[in-house]
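The values are calculated or read from the model by the stated rules, or taken from the named source; none is laboratory data. Remember, predicted model here, so these are calculated numbers, not experimental data. Positions of Cβ are generated from backbone atoms using ideal geometry, with glycine treated the same way; all protein chains shown enter the neighbour counts. Each accessible area value is taken on the protein alone, full model and side chains, heavy atoms only, with ligands, DNA and RNA left out. Shrake-Rupley method; radii C 1.70, N 1.55, O 1.52, S 1.80 Å.
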Amino acid sequence: MEVRIFKNDLEIGEAAGKIICDFVNSKPDCVLGFATGASPVPTYNYITEQYNSGKVSFKNVTTFNLDEYCDLPRDHKNSYWTFMFENLFSRVDVDPAKVNFLDGNADEKAESARYAEAIKSKGGIDIQILGIGRNGHIAFNEPSDKFTDEAWRVTLTQSTIDANSIYFDDIPIPHYAMTMGIGSIMRSKKIILIATGASKAEAVKEMINGPVTPGCPASILQQHADTVILLDEAAASLL
Ligand code: F6R
């Protein structure tokens, strides 16, 4: 794990965005894994600026997102599909036909197999962006007693429901999601994890300095060969 500490989220967005844009320029048909939530938004803004300045094109890039709520139509304003189109995909030249998402309303086993095959058929994910939950989750792999492998249907914990319910004003937040498993994430060739703010400090400490345990799913990243952790000072405050 390489840990880098920055003054603020804009600097993190620039650092992560540069890694991604440089990689896309070196391999225009690469495979990128994206996360939703607040953490990657400055990165997506940086990428959009680079695209607007003509410095990068995503037209041949294939994308896979980490997770999607169950029991929510894909075009609902709170779906992660909508999030990605609003925050990145519709702002750059990503080909919608090359965008891949888990279907939170599909049969769990069939959907898991479909996603695994789709990732494999593209040669795997070159760079996967991650955030981290206050409870140490990555994607929606909540703390548990075992590490998962391929995509699965998870029951969200109260911590995640509390953190994400601020985005839901018209309907209650779903309590289930389809998420890439830990194995699928770990097979990514490079991982960039972004964490900002004091509310992430404890999880960040456990991820980096704690034992590797499914009780803190992000701790598995200690065993990944090419992971870079980008933190602001508040998220790094307990290291
Ligand atoms: C989102 C995801 C989650 C978030 C995490 C942090 O696709 O997989 O693991 O990355 O919950 O969310 P934010 O960035 O909103 O603090």
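Give all pairs with beta carbons closer than 8 Å in which a residue from region 20-41 that is within 16 Å of the ligand (Cβ to nearest atom) meets a residue that is of a type in the set (Asp, Glu) and not in a helix (DSSP H, G or I); count only pairs at least 6 apart in sequence or on separate chains.
Short answer, once both residue conditions are applied: 32/126; 36/67.
Can you go through 110, 97 and tell me which one is open to solvent by less than 70 Å² (accessible area, probe 1.4 Å) and more than 12 Å from the ligand (Cβ to nearest atom)?
110
In region 201-239, what residues are closer than 18 Å to residue 140 by Cα, in a loop (DSSP other than H, G, I, E, B) and without any contact (Cβ under 8 Å) to a residue 12 or more places away in the chain?
Correct list: 212 only.
Pairs, please: C-beta under 9 Å, at least 6 apart or cross-chain, first residue touching a residue at least 60 places away in the same chain (Cβ under 8 Å) and in region 95-109, second assigned to a loop (DSSP other than H, G, I, E, B) and open to solvent by 40 Å² or more (accessible area, probe 1.4 Å)?
103/74; 104/71; 104/74
Here are some residues: 194, 208. Which one is under 28 Å from residue 119 (Cα atoms), among the β-branched types (Val, Ile, Thr) and touching a strand residue (DSSP E or B) at 6+ places or on another chain (Cβ under 6 Å)?
Step by step, each of 194, 208 is checked, and only 194 is under 28 Å from residue 119 (Cα atoms), among the β-branched types (Val, Ile, Thr) and touching a strand residue (DSSP E or B) at 6+ places or on another chain (Cβ under 6 Å).
Any idea which residue in region 42-80 is farthest from the ligand (Cβ to nearest atom), counting only those that are hydroxyl-bearing (Ser, Thr, Tyr) and assigned to a strand (DSSP E or B)?
So the residue we want is 62.
Being open to solvent by less than 40 Å² (accessible area, probe 1.4 Å), assigned to a helix (DSSP H, G or I) and under 30 Å from residue 237 (Cβ atoms) is the filter here; which residues of region 20-40 pass it?
20, 21
Is it true that some residue in region 132-149 is in a loop (DSSP other than H, G, I, E, B), open to solvent by 40 Å² or more (accessible area, probe 1.4 Å) and within 10 Å of the ligand (Cβ to nearest atom)?
The answer is yes; a qualifying residue exists.
Out of (1) open to solvent by less than 10 Å² (accessible area, probe 1.4 Å); (2) farther than 24 Å from residue 164 by Cα; (3) of a type in the set (Gly, Ala, Ser), what's the single condition that is false for residue 116?
(1)
Quick test of your reading of the structure: residue 161 fulfils all but one of (1) more than 24 Å from residue 192 (Cβ to Cβ); (2) assigned to a helix (DSSP H, G or I); (3) out of contact with any His (no Cβ under 7 Å at 6 or more places or on another chain). Name the failing condition by number.
Every condition holds for residue 161 apart from (3).
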